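The values are calculated or read from the model by the stated rules, or taken from the named source; none is laboratory data. Since this is a predicted model, take the numbers as computed values, not measurements. Using ideal geometry, Cβ is built from the backbone for each residue, glycine included, and neighbour counts are taken over all protein chains shown. What goes into the accessible areas is simple: the full protein's heavy atoms, side chains included, and nothing from ligands, DNA or RNA. Shrake-Rupley method; radii C 1.70, N 1.55, O 1.52, S 1.80 Å.
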Amino acid sequence: MYGQSLGADVALQAAAQPNLPSNVKAVIADAGFTTLPSLFYSLYSGAATTLNGLTSKIGWHLNGQIPFLPFDKLVQNLNRINKFFTGVTLDDASGLTAVSRSTLPTLFISTTDDSFIPTAQTQALYNQSSATLKRLWVLTSAVGGHASATNAVTDYQAHVAAFMKAVDAMNSGQTIQQATDQTLAA
């Protein structure tokens, strides 16, 4: 299973389900987030910082908040609305819970120039993962931003291929290092 951004978390949630079909062998999660509230906090902080940059020019410092819209109240109200209409809260869609329940091999990908989902969230998913084989790959420098490696396509393809080769090796009994070395050498 493969997913980017919200799709990464959908793939992680699916991988945590019992009785997966036998043809599901691995997950590749590109730019996944830990929880919806943590994702919202990242976006909220970015907006507050931008707004603070504008208002500080006139002497009004916001201290990391958006006036009349405190983050905790925002999440609280979103949870109430979501619970009313769907029966679930924002915390129910947790990448952290999903990765702790899945043992499928998982490749976590993030980029340092992602301004939408911080690399720390992908790192947290990797750390929490119960996968039998897990890898974390953080692309550095300006590679394309959120869920995009447009400036590192060849590298991206090589890492995904090496990971899938390691998954195949694990399933066939070959050592993972042998499979990875063969793929990266090719």
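Each of the peptides 63-71, 85-93, 115-123 was scored by the mean count of other Cβ atoms within 10 Å over its residues; in descending order, highest first, they stand as 115-123, 85-93, 63-71. Between 0 and 90 degrees, rounded to the nearest ten: what's the tilt of helix 153-172 against the longest Cα principal axis of the chain? It is inclined by approximately 50 degrees. Relative to one another, the C-alpha centroids of the stretch 21-42 and the stretch 106-153 are positioned 10 Å apart.
Comparing A26, A48, A149 in a Gaussian network model of the chain (Cα springs below 10 Å), the most mobile by mean-square fluctuation is A48. Over the chain, with every protein chain in place, what whole percent of the accessible area is carbon and sulfur at 1.4 Å, could you tell me? On the chain, the fraction of accessible area on carbon and sulfur atoms equals 58 percent. Rounded to the nearest 500, the 222 nm mean residue ellipticity of the chain from helices alone is -16000 deg cm²/dmol, with -39,500 (n - 2.57) taken per DSSP H run of at least 4 residues.
Based on protein heavy atoms only, the chain ends up with 54 Å² per residue of surface accessible to a 1.4 Å probe. Once both labels are positioned 7 Å from their Cα atoms along Cα-to-Cβ, the gap between N23 and Q123 label points is 3.8 nm. Based on the alpha-carbon gyration tensor of the stretch 82-129 and its eigenvalue square roots a ≥ b ≥ c, which shape applies: rounded if a/c is under 1.5, prolate if not and a/b is larger than b/c, or oblate? Oblate is the answer for the stretch 82-129, as a/c is 1.5 or above yet b/c matches or exceeds a/b.
Working ranking of peptides 38-44, 56-62 by packing, defined as the average number of other Cβ atoms within 10 Å per residue, highest first, is 38-44, 56-62. The share of C-alpha pairs in the chain whose separation exceeds 27 Å stands at 38 percent.
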